[in-house]
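This report refers to the structure that appears directly beneath it.
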Amino acid sequence: MSERVYLDWNATAPLRPEARVAMMAALDDVGNPSSVHHEGRAARHRIEQARERVAALVGAEPRNVVFTSGGTEANMMALTPALERAQDKTRFDRLIVSAIEHASVRGGGRFAAHQVEVVPVTPEGVVDVAALGCRLDELKRQGLRPPLVSIMAANNETGVVQPIRAAAAMVHAAGGLLHVDAVQAVGRIPFHINDLEADLITVSAHKLGGPHGVGALVKRSAALHLAEPVVKGGGQERGARAGTENVAGIAGFGAAAASATVSMTADGGRMRVMRDRLESGLTEGPAVIFGRGAERLPNTCLFAAPGVRAETALINLDLDGFAVSAGAACSSGKVAPSHVLAAMGVSNELSAGAIRLSIGPGTTENEIDLFLKAWMKLLTGLSKDRRGLAA
Ligand code: PLP
C-alpha cells in the first residue's frame, strides 16, 4: 500500500491550509511585535488578530487569551497556588484533579505533591462529580480553604466528554476555581468558556489544525491574575508570559481557530458517521470499545481485542500503512499501562491491548474500510500464529 492512512488526530491534527498560508506570510515578516515601528506593528497585528480568533472560538474576550508554547505550558501556567482573584488574594493550598487527566495536569503544575488530590471516574470514564461534591463539602465542613480544581473537557484516550458545567457549579458553590484542559475538545465540539463557566481553559494549536508548539491559557475574567509567571523576563503577554512571541506559530493558531469556528459543526457530523462505521466494523469481531456508553468526541475510538497486544498491532498496522496510537500518544515511545483505563477499572491485560483511533474531518469511508480490512487481516494472522504455536 503506497498511501498512508493517518488515524492519530488526537496526537496531532494535520495542518489546515489556512494555517499554512498564515504562517508562511508571517515568516516573511521581519518585525519584533514589541517594536513600535511599522514592521513591529505589522507583527503585533498578526498576534492580535490571532488572539481575537482564538478568543472567538471559545467565547472569551481577546484580552483574556495568553499565548504559550502549547497545552503543557498552559496547564503549568494555570495550576499554581498563586492564582489571584481581584476580591481575594489568598493563595490556593490545594489542587483537585481527576484521575484521567493528561500528565501535565496530573503532575500538579506548581503545587507540591502533597497538595494534590485525585477524584475518581466511573467505569465509563466520566469524572465522578458526586465524589467531587462530597470532597468539596468535607473541605467546607472542616473549615479548610476552597481548592483549585482541574478537570479536562474531553479525554485524549477515550474521547469521553466530561461534565464541566456540573463540576463548575459545585466548585463555585464551594468558593473554588475550575481550570479545564480543553485541548481535545476545542475545535471539535462547541466549547464556550462562559456557557460552561470554566474559570481558565487550556487550548493547544496542533490538536485543531494549527502548528505544534503553540497554545493558550484563556481566562473567563480579566479579574483573575496569574501572579507568578512560569516564564519571567520582558513584559510580553501583559506580563503573563515573557519572551518574544512565536509570531508565525501564533498566526497559524489563529487561522486554524478561525477555520475550526466555521467548519466545526459540519466536521463533527461527518466524523461521527465515520467513527460509527469504524465501530460497527470493529464490533463484528472481538472488540471492546471503552467509554462507548458515555458522551464522546465524534472522532475518537479506544478499543481492545482480548489477546491482542497493542505494540504488536501498532507495528503491524504501521507496516501496512496505518498511523494509530496505543493509549496516549503524548507518552508514546514508552509502553506503560494507561492510567485512564486503570481509573476506569479495566484489567491490565485488556488495557495492554488498547488502541486509539482518532479521525478527522478529512477521514474518508475508504480509509475506514481499508483499516477494517487490515485489522481483520491482523486478527486472522494472530490467531493462525496462536494455532501454530499450540500445534
Ligand atoms: N492536554 C491534553 C488532554 C492532551 O491530549 C495534550 C497532548 O496530547 C496536552 C494537554 C499537551 O498539549 P501540548 O502537546 O500542546 O503540550
Under 25 Å from SER259 (Cβ atoms) and more than 16 Å from the ligand (Cβ to nearest atom): is that true of ILE193 in this structure?
yes
Could you look through the stretch 1-26, keep only residues that are over 23 Å from the mean Cα position of the chain (by Cα) and surrounded by 20 or more Cβ atoms within 10 Å (Cβ to Cβ), and pick out the one that is farthest from GLY254 (Cα to Cα)?
ALA26
Does SER104 satisfy the condition of being crowded, with 24+ Cβ neighbours inside 10 Å, assigned by TED's automatic domain parsing to the domain that holds GLY187, under 28 Å from ASP8 (Cα atoms) and in contact (Cβ under 8 Å) with a residue 12 or more places away in the chain?
no
Taking the condition of being out of contact with any Gly (no Cβ under 9 Å at 6 or more places or on another chain) and within 16 Å of the ligand (Cβ to nearest atom), how many residues in the stretch 51-74 meet it?
3
Please indicate, with yes or no, whether at least one residue in the stretch 163-176 is assigned by TED's automatic domain parsing to the domain that holds LEU83, within 19 Å of the chain's Cα centre (by Cα) and not in a helix (DSSP H, G or I).
yes
So which residues in the stretch 177-190 are in contact (Cβ under 8 Å) with a residue 60 or more places away in the chain and touching a Leu at 6+ places or on another chain (Cβ under 8 Å)?
LEU177, HIS179, GLN184, ALA185, VAL186, GLY187, ARG188, ILE189
Does GLY70 count as within 30 Å of MET264 (Cα to Cα) and among the small types (Gly, Ala, Ser)?
yes
For the stretch 269-276, does any single residue satisfy the condition of being in contact (Cβ under 8 Å) with a residue 40 or more places away in the chain and among the small types (Gly, Ala, Ser)?
no
Quick one: which residue in ARG220, ARG238 is away from the ligand (no atom under 16 Å from the Cβ) and modelled with pLDDT of 95 or more?
ARG220
Residues being part of a strand (DSSP E or B) and closer than 30 Å to SER263 by Cα: count how many of those fall in the stretch 208-245.
5
Within the stretch 75-122, which residues are closer than 14 Å to ALA227 by Cα and either within 14 Å of the ligand (Cβ to nearest atom) or among the basic types (Lys, Arg) (or both)?
MET76, MET77, ALA78, LEU79, ARG85, LYS89, ARG91, ARG110
Would you mind stating whether GLY215 is within 16 Å of the ligand (Cβ to nearest atom) and either within 17 Å of HIS102 (Cα to Cα) or out of contact with any Lys or Arg (no Cβ under 9 Å at 6 or more places or on another chain) (or both)?
yes
Hey, ALA131 hits all of (1) among the small types (Gly, Ala, Ser); (2) within 14 Å of the ligand (Cβ to nearest atom); (3) assigned to a helix (DSSP H, G or I); (4) more than 26 Å from ARG241 (Cα to Cα) but one; which does it fall short on?
(2)
In the stretch 273-307, what residues are of a type in the set (Val, Ile, Thr) and either within 16 Å of the ligand (Cβ to nearest atom) or in contact with a Leu (Cβ under 6 Å, 6 or more places away or on another chain) (or both)?
THR300
Taking the conditions exactly as written (crowded, with 21+ Cβ neighbours inside 10 Å, over 27 Å from LEU297 (Cβ atoms) and out of contact with any His (no Cβ under 7 Å at 6 or more places or on another chain)), does ARG46 satisfy them or not?
yes
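The values are calculated or read from the model by the stated rules, or taken from the named source; none is laboratory data. Since the model is a prediction, treat every value here as computed from it, not as a measurement. A quick note on method: Cβ atoms are made from the backbone with ideal geometry, for glycine too, and the neighbour counts reach across all protein chains shown.
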